[in-house]
Every structure is written in structure tokens, then in C-alpha cells.
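Quick notes on the structure that follows.
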Amino acid sequence: MKIIAFGGSPSKNSINKKLATYAASLFESAEVEVLDLNDYQMPLFSVDIEAEIGHHELAKAFLAKIESADFLVVSLAENNGNYSAAFKNLYDWCSRIVGKVFQEKPMLLMATSPGGRGGASVLEIAKNAFPRYGADVKATFSLPSFNENFDVEKGKISNAELDGELKDLIIRLQ
């Protein structure tokens, strides 16, 4: 099984990329490829720019990565209660090429944040919206208080209860 994982943030130290990487590593016998949103930076989407340049090559490349996957592990950053601008821009460019951006792939949808809600607002928005764009959301997971519950040096969840919850979820998904 090939897993494409990414965090919905352009931060070099994205906590959501760290969570997605860890979650993807828990799948047994999977080939995992972790994408970095910084590799897909495009001009701010507008129909005028699209008319001028057509479908952006980086959006096509991102969609090809999604197509190559058997399973998606996505952890979204929450900016002011919604998607990060970088993720939304990529999503907008891609949706102009393929309406079903996530191409009917099964998905583990997650979010984390430094706060106690763990990206709950963006997770709820995505859980409701992504199926309309071709995501087969199999499960969701929120990691609250990232800095207290994730060991960055070890690259894993440090809170035993939350770690067990994620591991149980992944066992059910396999």
C-alpha cells in the first residue's frame, strides 16, 4: 500500500506535517511518501491568472501524487479557524483541474495545534467539505496541545492515551 501524507501548513517546522508523518509510519508494510506544501507554492489563485497561464504545473504534480496513493494521511493546520492560506491555494488550483481533488482515495483526516482544541474547527470544516471533493474520510483524529503531547525529538505522540487512540484507529483502518 502506498500512503501519501502531508501537513496542511507551509511552516518549515509544521506540527501537522510531523503528526501526519508519525501517523503514516504506523501503517504496517506501507510505502510512505511525505509531501511538503512548500514544494507546491503557486501564485494566489484567480481566474485571471488561470486564464493567463492555464493549469499550473505544480497543481498537476500534486494531483499526480494523490493519484499514485492508495491511502491519504492529511493533517490540517488551523489558521483563524480555517485552512491555512497555503493549503487553500493549492486546493483551489487543483480543484480547477480535477473537481474531485482527492480522487476517491480513503483518508485519515487529522489536525493538531498548540491549543487545547487541537484544530477542531478546521477538522470539522474539512470533514464536511472534503467528501464533496473526492475524499473518502475513513476516520478523523485531533491531537490537542501539540507541544505537551508530542515528542518532537522522538517524532511521536508522547501522551500514552492519545497515542493508543491513534494506534487503535490505524489498526481499524488497515
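The values are calculated or read from the model by the stated rules, or taken from the named source; none is laboratory data. As the structure is a prediction and not an experimental result, all values here were calculated from the model. Counting neighbours? That spans all protein chains shown, and the Cβs are built from the backbone with ideal geometry, glycine included.
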Q.
Checking GLU67 against (1) of a type in the set (D, E, K, R); (2) closer than 19 Å to PRO131 by Cα; (3) touching a Phe, Trp or Tyr at 6+ places or on another chain (Cβ under 7 Å), only one condition comes out false. Which one?
A. (3)
Q) Of the conditions (1) of a type in the set (S, T, N, Q); (2) farther than 24 Å from ILE170 by Cα; (3) touching a helix residue (DSSP H, G or I) at 6+ places or on another chain (Cβ under 7 Å), THR140 fails just one. Which one is it? A) (2)
Q.
Being within 28 Å of HIS55 (Cα to Cα) and touching a residue at least 12 places away in the same chain (Cβ under 8 Å) is the requirement here; does PHE141 meet it?
A. no
Q: Tell me which residues, restricted to region 83-134, are among the polar types (S, T, N, Q) and part of a helix (DSSP H, G or I).
A: ASN89, SER95, SER121, ASN128
Q: Kindly list, by first and then second residue, each pair from a residue in region 17-37 that is within 17 Å of LEU162 (Cβ to Cβ) and of a type in the set (Phe, Trp, Tyr) to a residue that is at pLDDT below 95 and buried (at least 19 other Cβ atoms within 10 Å of the Cβ), limited to pairs with Cβ atoms under 9 Å and residues at least 6 apart or on different chains.
A: none
Q. If you check LYS17 against the conditions, is it crowded, with 23+ Cβ neighbours inside 10 Å, outside any strand (DSSP E or B) and within 13 Å of the chain's Cα centre (by Cα)?
A. yes
Q | Restricting region 42-65 to residues that are in contact (Cβ under 8 Å) with a residue 40 or more places away in the chain and surrounded by 12 or more Cβ atoms within 10 Å (Cβ to Cβ), the residue that is nearest to LEU166 (Cα to Cα) | A | LYS65
Q. Picking from LEU123, LEU162, which residue would you name as being surrounded by 16 or more Cβ atoms within 10 Å (Cβ to Cβ), free of Cβ contacts under 8 Å to residues at least 24 places away in the same chain and more than 23 Å from LEU58 (Cα to Cα)?
A. LEU162
Q: Identify the residue in region 1-54 that is aliphatic (A, V, I, L, M) and in contact with an Asp or Glu (Cβ under 8 Å, 6 or more places away or on another chain) and, among all such residues, is farthest from PHE102 (Cα to Cα).
A: MET1
(Q) Kindly evaluate SER46 against the criterion of being on the phi > 0 side of the Ramachandran plot and either polar (S, T, N, Q) or touching a strand residue (DSSP E or B) at 6+ places or on another chain (Cβ under 6 Å) (or both). (A) no
